[in-house]
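Structure, as C-alpha cells:
The values are calculated or read from the model by the stated rules, or taken from the named source; none is laboratory data. Keep in mind the model is a prediction, meaning the values are calculated, not measured. We place every Cβ from the backbone using ideal geometry, glycine too, and count neighbours over all the protein chains shown. These area figures cover heavy atoms from the full protein model, side chains too; ligands, DNA and RNA do not enter into them. Shrake-Rupley method; radii C 1.70, N 1.55, O 1.52, S 1.80 Å.
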Amino acid sequence: MSALLPTIAIRELSATNEKLNLVLIYGSIREGRYCDIIANWASAQVRKHQEFALEIVDPAKLSLQPQSEQNPDLHALRTCLDRADAFIVITPEYNHGYPAPLKHLIDSVSREWQAKPLAFVSYGGVSGGLRAVEQLRQVFAELHVATMRNSVSFANAWEQFDDQGRLYAATRAEKSMEMMLAQLHWWAVALKDARRTIPYGIVAT
Ligand SMILES: Cc1cc2nc3c(=O)[nH]c(=O)nc-3n(C[C@H](O)[C@H](O)[C@H](O)COP(=O)(O)O)c2cc1C
C-alpha cells in the first residue's frame, strides 16, 4: 500500500482487495506525436501504484465511425470506459484548445463517463497545455465527470525530456503527479462506493 493514499482508500481497499480501473486516454493522433513520450511517462508513474489497474485508450488505433453498436471499436471503447473507475487524459494544446480527435472520442460515449473522476496531464508551448485543460473541464462537467483540481503540465515539453523520454528534472513533475494521483484515488474510491449504493442514472438526465 502506497503511503500517499488517504485513510478512506486504505480502508476500502483492505476490505475488498479490489483494484481501481484507471483508463489513460491519449489526446493526439498526429503522426510523430509527442503524446507518446508524455503518456509513457504518466503510465510509468501510475504503475508505481499497485492500487491501480492501468488500461490505455489510444484514439489513433480506433475507428469511431460509424457511431453504431455494430462498430467493434466503438463497442470496445464503450466497454473499456464502462469498467473504468477513473480517467487520466493526456492532452496537448492546438490553437489554444484541445485536439478535435479527443473531442470526437469524448462525444462517442456518454453514460460511461458519468459519476467518475478524471485528471489531466497536459503539454505544449509556454502554456503547457493548460488552456486545453480548462476547456476540457467545461466539456467534462456536461458529462457528469468530476475533474481533479490538481494537474500535471509540461511547458515547452520537448525541452524537458531527453531522447529516451526521461525527464531532465524529474522530482517536481513526479511530486505533482503523486498529489494528483492521490486526489484521483480518493475520488475513485468514494465515487465507486457511491455508484454501488445509489445508481447515478437516477439523477443523470
Ligand atoms: C495545429 C497545432 C497547433 C498548435 N497550437 C499550439 C498552441 O496554441 N499552444 C501551444 O502551447 N502549443 C501549440 N502547438 C504545439 C503543440 O502543443 C506541440 O506541437 C505538441 O507536441 C503537440 O502534441 P502532439 O505532438 O502529441 O500532437 C500546436 C501544434 C499544432 C500541430
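Please compute the modelled spin-label separation between residue 155 and residue 170, points set 7 Å along Cα→Cβ, answer in nm with one decimal.
Placing both labels 7 Å along Cα→Cβ, they lie 2.4 nm apart.
Considering amide H positions built from the backbone, and no H for Pro or chain starts, which residues 5 or more places from residue 25, or on another chain, come under 5 Å of its amide H?
Here 57, 88, 89, 90 satisfy the definition.
Per residue of segment 130-140, what does 6.51 cos²θ - 1.76 cosθ + 1.60 with θ = phi - 60° give for ³J(HN,Hα)? Whole Hz please, x for Gly and Pro, Karplus curve as stated.
Karplus-based 3J(HN,Hα) across segment 130-140 equals 5, 5, 5, 4, 5, 5, 5, 4, 5, 4, 6 Hz.
If the chain between residue 134 and residue 68 were fully stretched, how many nm would it gain, using 0.36 nm times the residue separation less the Cα-Cα distance?
Taking 0.36 nm per residue and subtracting the Cα distance, the gain is 20.7 nm.
Compute, for segment 72-205, the length of the dipole vector about the Cα centre, with Cβ point charges of +1 (Lys, Arg) and -1 (Asp, Glu) only. Units Debye, rounded to 20.
440 debye
What accessible area per residue comes out for segment 20-197, rounded to a whole number of Å², with a 1.4 Å probe?
In whole numbers, segment 20-197 has 47 Å² accessible per residue.
Using every pair of alpha-carbon atoms in segment 20-197, split the distances into 10 Å bins beginning at 0 and state the percent of pairs per bin, rounded to integers.
10, 40, 37, 12, 1
So what's the back-of-envelope 222 nm ellipticity for the chain, counting only DSSP H runs of four-plus at -39500 (n - 2.57) apiece and dividing by all residues, rounded to 500? Display every interim value, and only then the final one.
On the way: 6 runs with 83 residues, N = 205.
Mean residue ellipticity, 222 nm, calculated: -13000 deg cm²/dmol.
Name the residues whose placed amide hydrogens come within less than 5 Å of the amide hydrogen of residue 122, ignoring near sequence neighbours (fewer than 5 apart) on the same chain.
Amide H neighbours of residue 122, under 5 Å, 5+ apart: 91, 152, 153, 154.
How many percent of the accessible area of segment 43-151 is carbon or sulfur, using a 1.4 Å probe?
The C+S portion of the solvent-accessible surface of segment 43-151 is 51 percent.
For residue 131, what is the net charge nearby, where nearby means another residue's Cβ is under 12 Å from its Cβ and Lys, Arg count +1, Asp, Glu -1?
Result for the neighbourhood of residue 131: -1.
Based on DSSP, what percent of beta bridges with both residues in segment 76-187 are antiparallel, to the nearest 5?
Values: 2 of 15 bridges.
Of those bridges, close to 15 percent are antiparallel.
Along the Cα→Cβ direction, 7 angstrom out, place labels at residue 30 and residue 194. What is the inter-label distance in nm?
3.6 nm
Could you work out the local net charge near residue 24, counting Lys and Arg as +1, Asp and Glu as -1, over the other residues with Cβ closer than 11 Å to its Cβ? Walk me through the numbers on the way to the answer.
Values: positive: 47; negative: 55, 58.
Taking every Cβ under 11 Å from that of residue 24, the sum is -1.
For the chain, what proportion of DSSP beta bridges, expressed in % and rounded to the nearest 5, is antiparallel?
10 percent
Return a single number: how many Lys pairs in segment 20-197, at a sequence separation of 8 or more or on separate chains, have alpha-carbon atoms below 18 angstrom apart.
4
Output ³J(HN,Hα) for segment 152-166: one whole-Hz value per residue in order, computed from phi by the Karplus curve 6.51 cos²θ - 1.76 cosθ + 1.60 with θ = phi - 60°, and x for Gly and Pro.
Per-residue couplings from phi come out as 10, 9, 10, 7, 6, 3, 5, 8, 9, 10, 7, 5, 8, x, 9 Hz.
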